[in-house]
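A.B. asks: This is the structure, below, for whatever I ask next.
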Amino acid sequence: MFRLLRVRAFTLIEMLIVIAIIMTLAAIVTPITSRALQRAREVTCTNNLRQFGQALNMYSDEHNGFLPNADSTYYGTQQQLVEALDDMIPRETEVWYCPRYTKVDGVSGRTLMQTYDIGYFYWAFDDLNGTPAPIRISERATVWDDQGWNTNEYGTVLMSDRYRDKSYWPIDEDWQYHGGTSHEIPLSLPGTLVVVSDGSVHKMAPRP
């Protein structure tokens, strides 16, 4: 004769305890995963900017110290920059795209980029009455200075991954704006990545 084994079912209390444990573990793991992803994006962005620093130094060596000029301003379309560095950083590579560029309404910033748009901001030019003018790599990026950013950098700021234009935003607000999302980082803390004239990359605070 076979005996029927009675399978003991979970009680409601036991199920609630299991659910509570799962939720607790998820609450612990999620921030760790989020920080790891954030760090990975930052590392990739740093490597991208380092490649730009090397390419711009090579370009200046071949052009009597001068850097590529901007199209019109420090953001948006940068056809002159893209074409000047094409032999070293082809347009179709992901280096032109900042992985820290957040999604806007669920759409990746990469998807929103048009031809010759880049995912970084280009500061290495002078502004002569609203007209961009090329500078030498040994000169200061006056456009960066005109915006009132931190002047305690390690050299001429060539490019950065974030910015906030003081003409559009109150100067005492968080300036680190990228991909349509404000990042709530105090003005006194590092938050934006910049590549300077010696090719090194630094994480800077917007204010000294």
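The values are calculated or read from the model by the stated rules, or taken from the named source; none is laboratory data. In this text, all values refer to a predicted model and were calculated from it rather than measured experimentally. Because the Cβ atoms are built from the backbone with ideal geometry, glycine has one as well, and the counts that use them run over all protein chains shown.
A.B. asks: Any residue in region 29-47 that is of a type in the set (S, T, N, Q) sitting within a Cβ distance under 9 Å of a residue that is at pLDDT below 75? List the pairs, counting only those 6 or more apart or interchain.
C.D. replies: Partner pairs satisfying both residue conditions: 38/100; 44/100.
A.B. asks: Could you grab me the full set of residues in region 72-90 that are in a loop (DSSP other than H, G, I, E, B) and among the β-branched types (Val, Ile, Thr)?
C.D. replies: 73, 89, listed by residue number.
A.B. asks: Could you give every pair whose Cβ atoms fall below 8 Å, whose first residue belongs to region 191-202 and is assigned to a loop (DSSP other than H, G, I, E, B), and whose second residue is aromatic (Phe, Trp, Tyr), counting only separations of at least 6 or pairs across chains?
C.D. replies: Going by the 8 Å Cβ cut-off, the qualifying pairs are 198/154; 200/154.
A.B. asks: Would you say residue 56 is of a type in the set (A, V, I, L, M, F, W, C), assigned to a helix (DSSP H, G or I) and buried (at least 19 other Cβ atoms within 10 Å of the Cβ)?
C.D. replies: Yes; evaluated as a whole, the condition is true for this residue.
A.B. asks: For the subset of region 92-122 comprising residues that are more than 15 Å from the chain's Cα centre (by Cα) and either among the hydroxyl-bearing types (Ser, Thr, Tyr) or closer than 26 Å to residue 156 by Cβ (or both), which member is modelled with the lowest pLDDT?
C.D. replies: Only one residue fits best here, namely 111.
A.B. asks: Would a scan of region 171-184 turn up a residue that is at pLDDT below 85, among the β-branched types (Val, Ile, Thr) and in contact with a Ser or Thr (Cβ under 6 Å, 6 or more places away or on another chain)?
C.D. replies: yes
A.B. asks: Have a look at 69, 64 and point out the one that is in contact with a strand residue (DSSP E or B) (Cβ under 7 Å, 6 or more places away or on another chain), at pLDDT 90 or above and not in a helix (DSSP H, G or I).
C.D. replies: 69
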